[in-house]
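Undergrad: I am attaching a structure below and will ask some questions about it afterwards.
The values are calculated or read from the model by the stated rules, or taken from the named source; none is laboratory data. Note that the structure is a prediction, hence the values are computed from the model and not measured. Methodologically, a virtual Cβ is constructed for each residue, glycine included, from the backbone with ideal geometry; neighbour enumeration extends over all protein chains shown. Only protein heavy atoms, including side chains, enter the accessible area calculation; ligands, DNA and RNA are left aside. Shrake-Rupley method; radii C 1.70, N 1.55, O 1.52, S 1.80 Å.
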Amino acid sequence: TPLPKIPLFVLGVVIFSEPLTSTILFPFIYFMVTDFHITENEDEIGFFCGLIASSFFFAQFCTSIFWGYMSDRYGRRPILLLGLCGSSIACIFFGLSNSLAWAIISRSMCGLLNGNVGVAKSMLGEIADSSNQSQAFSLFGFAWGIGMIVGPFLGGYLANPAQTFPEIFGDWEFFIEYPYFLPCFVASMGGVVGFLVGYFFLKETKGMRGGVLVETNDKDIDDDYYNNTSNAIVQQAPEVGLSPLSITTIVAYSMLALHSIVFEEVYALYAVTPVVSHGLGWTAIQLSTSLACMGIVQLVMQFVVYPMLERRFSAVWLFRCAQLMYCGVYISFPLIRAFVVDESDTETGGQLARVRYLVLMTLVFKYLCSVFSYTSVMVMITNSSPPHLLGTVNG
């Protein structure tokens, strides 16, 4: 079945703004904490970076089910627009951080006010049917991948503009006092654009099945909707609440998000930490370039590799294979640091060509696993969830 182009485009613009605001800090978070002058011990900086990064996800963890429930009750569109406003305002506040407390509060506010990832997945599940689910959820990966390219790129190249672009911003006291405001402000504008596009063009999808509005009672659910054998998932409609399969899928998704997000946060610190402190000693620009390259890789994997394999194998099979591949990826990074980095060269030992190539090659496999895992688990969650609880389950 052909997918509706206009709703997909509008939803893609909205989804794009999410990773833009969430990844903008990766290239400069280490340097921001250093500028707070909390500690002189470089080995302790990673701990404070972790506090800032985890505050967003902990706050989102506390409210994501609430926002999913609210979208089930009041509709997807208003919750999505509210989340875009909240993330944009919080991103600007984060750019004004001049202390650890301010940074943690602003990132927490961003997480508290933002449940858009789950709501966007629910909307995609409602405009797609069993024949085009993989294509619809590939849009999520595509828009997310573009945001993953632009976010780190902006974060690395626009951070500390008074030093990076002295001919333009060198005399601006504001950018000297708040060196990380510019990338955060630009990222927040992505959320503003997403809000405007969503406000004028995004239509409500709550109550739809396959893009068609269905009049039904919450408990009067069509068994055929659950007997969806696409991607080897078969689920009978429960009378009340969630089925064991839905709960199992949620747990699998939680574990995937746990180890994947931990890696992404650790990688950002690992790359910019000096060699003498057991990192690679990369600059913010080098880190942002590596992440932007992986965004491009993710697009290729999403639209070329995954569809080819999805036609031959089930979503469950691809998800399982990706989890096994993750193990090799995570083991590779400390091995690169142990056997390839020149310990005696504390300035450029982690920037050698062979180190960069091995890191990028390992990242390619990591993002291959991410595409397989996240796309497959989104299909699995949608197929196992009752329509009247789809927003709550995705939350």
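Undergrad: Name the long-range amide H neighbours of residue 129: under 5 Å, sequence gap of 5 or more, or other chain; modelled H, no Pro or chain starts.
TA: Distant-sequence amide H within range of residue 129: zero hits.
Undergrad: Applying the Karplus parametrisation 6.51 cos²θ - 1.76 cosθ + 1.60 with θ = phi - 60° to the phi angles of the stretch 177-193, what ³J(HN,Hα) value in whole Hz is obtained for each residue in order, glycine and proline being reported as x?
TA: 6, 10, x, 10, 6, 4, x, 5, 5, 4, 5, 5, 5, x, x, 5, 4
Undergrad: Using each residue's phi in the stretch 47-64, evaluate 6.51 cos²θ - 1.76 cosθ + 1.60 at θ = phi - 60° and report the 3J(HN,Hα) Karplus result to the nearest Hz, with x for Gly and Pro.
TA: Listing the rounded values in order: 4, 6, 4, x, 4, 5, 5, 6, 4, 5, 6, 5, 5, 5, 4, 6, 10, 5 Hz.
Undergrad: Run a plain Debye calculation on the chain (Cα atoms as equal point scatterers, no solvent) and give log10 I(q)/I(0) at q = 0.09, 0.10, 0.12 Å⁻¹, rounded to two decimals, same order as the q list.
TA: Rounded to two decimals, the profile gives -0.54, -0.66, -0.94.
Undergrad: Angle check, please: helix 315-339 long axis (alpha carbons) against the longest principal axis of the chain (alpha carbons), in degrees 0 to 90, nearest 10.
TA: 10
Undergrad: How much net charge surrounds residue 333 when only the other residues with a Cβ under 15 Å from the Cβ of residue 333 are counted, with Lys and Arg +1 and Asp and Glu -1?
TA: Result for the neighbourhood of residue 333: +2.
Undergrad: Okay, moving on. Rg and Dmax of the stretch 1-212, Cα atoms, in Å?
TA: Reported Rg and Dmax, both Å: 18.4, 60.
Undergrad: Here is a further query. Taking N as the number of residues in the stretch 103-145, what is its alpha-carbon radius of gyration divided by 2.2 N^0.38 Å?
TA: That works out to 1.51 for the stretch 103-145.
Undergrad: Continuing with the same structure: From the P(r) of the stretch 240-394, can you give the percent of Cα pairs sitting at distances over 24 Å?
TA: Summing the P(r) of the stretch 240-394 above 24 Å gives 43 percent of all pairs.
Undergrad: Build a GNM of the chain with springs between Cα atoms under 10 Å: which of 109, 255, 148 gets the top mean-square fluctuation?
TA: Largest GNM mean-square fluctuation: 255.
Undergrad: Order 164-170, 75-81 from most to least packed using the mean count of other Cβ atoms within 10 Å.
TA: Highest-to-lowest ranking by the protection proxy: 75-81, 164-170.
Undergrad: Something else: For the chain, report the accessible area per residue in Å² (1.4 Å probe, heavy atoms, rounded to an integer).
TA: For the chain, the solvent-accessible area averages 44 Å² per residue.
Undergrad: Then there is this: So how tilted is helix 100-112 from the main axis of the chain? Cα-based, degrees 0 to 90, rounded to 10.
TA: Around 10 degrees separate the two axes.
Undergrad: Send over the per residue convex hull volume for the stretch 1-125, Cα only, as a whole number of Å³.
TA: 106
Undergrad: Round to a whole angstrom and tell me the spacing of the C-alpha centers of the stretch 103-127 and the stretch 30-74.
TA: Spelled out, the Cα-based centre of one part sits 14 Å from the other.
Undergrad: In what order, largest first, do 89, 381 sit by accessible area if the probe radius is 1.4 Å?
TA: Result, largest first: 89, 381.
Undergrad: Could you work out what % of the accessible surface of the chain is carbon and sulfur, using a 1.4 angstrom probe and leaving DNA, RNA and ligands out of the count?
TA: Ligands and nucleic acids excluded, carbon and sulfur reach 69 percent.
Undergrad: Taking amide H positions as placed in the peptide plane 1.01 Å from N, state which residues far from residue 273 in sequence (5 or more) or on other chains have amide H under 5 Å from it.
TA: Answer set, sorted by chain and number: 280, 281, 282.
Undergrad: Now a separate question. Could you run the Karplus curve 6.51 cos²θ - 1.76 cosθ + 1.60 with θ = phi - 60° over the stretch 2-12 and give me ³J(HN,Hα) per residue in whole Hz, x for Gly and Pro?
TA: Result, rounded to whole Hz: x, 7, x, 6, 5, x, 5, 5, 4, 5, x.
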